[in-house]
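Take a look at the structure below.
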Amino acid sequence: MTTVGGPDVGSGSAGATDRLGVVLVDDEPLALGDLRWLLEQTGAVRVLGEAGSGEDALQLLGRLDGVDAVFLDIRMPGVTGMELAEVLSKFRRPPLIVFVTAHEEHALRAFEVDAVDYLTKPVAPERLDVALGRIRARLGAAPTMMEVGSNRLARLRSRVGDITHVIERDDVVYAEASGDYVRVHHGGGSHLVRETISTLEEAWADHGFLRIHRSFLVRESSITQIRSVASGQAVVVDGAELPVSRRHRRLLRDRLAPTSRPRS
């Protein structure tokens, strides 16, 4: 299985385009889909193509221009990721390699073939950002504004069985921490996504969301009531009563207080 996406660019340097040109190689279609989605959320890359085997990847990379990096699984039938990396190192302009694998025991060997980074599945967005930064550093390019742009995590995904739900940030009313996951509540119900609440707080800070508790992040405009309760204070959001921790009360008060008019 080989997929080519988007127009080719004419140079293998990140300086020739605002985004990095990457190719994804993995024999697991779900893993390919997950990685593609994570990369697209950064706004910092163009996925030029995908391959499901080392053999297909070699054919694909022989046709493409402007490939800055290859995100490569290690354990694949036929040509393994490690063998493919060794072949690619002999290209006239070899692409940089980022290994993406569920197995940690190959890390030392990966760096022996001069891999830029070694990511373990499931890939955390924070680690992916680090890997992209290392690619740019190796290419001698400065990070672009797109990498840290306001659209990070503008869409979330939640997989339930064979169905993947896409949740728009603008539809989220509040988010609730659930271990290493977050349950996001929105107009269509609620879904569990693989993010931390602190990650969402940082990414959504400029989009009207307010942390009111270590477990809750709410859309400020969705708060309809502030209540005094036995535990101190709570807010009502979309009909749900959510606690406000002591450390967040002042921030809540300051954000929701009416702007005072200067005296004449």
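The values are calculated or read from the model by the stated rules, or taken from the named source; none is laboratory data. Only a predicted model underlies this, so the values are computations on that prediction, with no experimental measurement involved. When we count neighbours, we look across all protein chains shown, and the Cβ atoms used for this are built from the backbone with ideal geometry, even at glycine.
Test Thr199 against the criterion of being among the polar types (S, T, N, Q) and either at pLDDT 95 or above or surrounded by 15 or more Cβ atoms within 10 Å (Cβ to Cβ) (or both), and give yes or no. For Thr199, the condition - among the polar types (S, T, N, Q) and either at pLDDT 95 or above or surrounded by 15 or more Cβ atoms within 10 Å (Cβ to Cβ) (or both) - is met. Residue pairs whose Cβ atoms lie under 7 Å apart, sitting 6 or more positions apart in sequence or on different chains, and linking a residue in segment 59-80 that is in the same structural domain as Val23 (by TED's automatic domain parsing) to a partner that is assigned to a loop (DSSP other than H, G, I, E, B) and surrounded by fewer than 16 Cβ atoms within 10 Å (Cβ to Cβ), are Leu64/Asp8; Asp65/Asp8; Asp65/Gly10; Gly66/Asp8; Gly66/Gly10; Gly66/Ser11; Ile74/His103; Arg75/His103. For segment 18-44, taking the residues that are among the aliphatic types (A, V, I, L, M) and in a helix (DSSP H, G or I), the one that is farthest from Leu132 (Cα to Cα) is identified as Leu30. Considering only segment 141-155, I want to know if a residue exists there that is over 17 Å from the mean Cα position of the chain (by Cα), assigned to a loop (DSSP other than H, G, I, E, B) and modelled with pLDDT under 90. Yes, there is a match, as at least one residue in segment 141-155 is over 17 Å from the mean Cα position of the chain (by Cα), assigned to a loop (DSSP other than H, G, I, E, B) and modelled with pLDDT under 90. Hey, does segment 162-171 have a residue that's modelled with pLDDT of 80 or more, more than 18 Å from Val67 (Cα to Cα) and surrounded by 18 or more Cβ atoms within 10 Å (Cβ to Cβ)? Scanning segment 162-171, I find at least one residue that is modelled with pLDDT of 80 or more, more than 18 Å from Val67 (Cα to Cα) and surrounded by 18 or more Cβ atoms within 10 Å (Cβ to Cβ), so the answer is yes.
Flag: Leu128 matches the condition of being under 21 Å from Thr199 (Cα atoms) and at pLDDT 90 or above.
Within segment 187-210, the residues that satisfy the criterion of being over 17 Å from the mean Cα position of the chain (by Cα), under 24 Å from Arg249 (Cα atoms) and either free of Cβ contacts under 8 Å to residues at least 40 places away in the same chain or not assigned by TED's automatic domain parsing to the domain that holds Leu252 (or both) are Gly208, Phe209. Among residues of segment 177-228 being of a type in the set (A, V, I, L, M) and not in a strand (DSSP E or B), the one that is farthest from Asp34 (Cα to Cα) is Ala205.
In a helix (DSSP H, G or I) and over 26 Å from the mean Cα position of the chain (by Cα): is that true of Arg247 in this structure? Against the criterion (in a helix (DSSP H, G or I) and over 26 Å from the mean Cα position of the chain (by Cα)), Arg247 qualifies. Screening Gly78, Gly66 for residues that are of a type in the set (Gly, Ala, Ser), part of a loop (DSSP other than H, G, I, E, B) and under 19 Å from Val47 (Cβ atoms) leaves exactly one candidate, Gly66.
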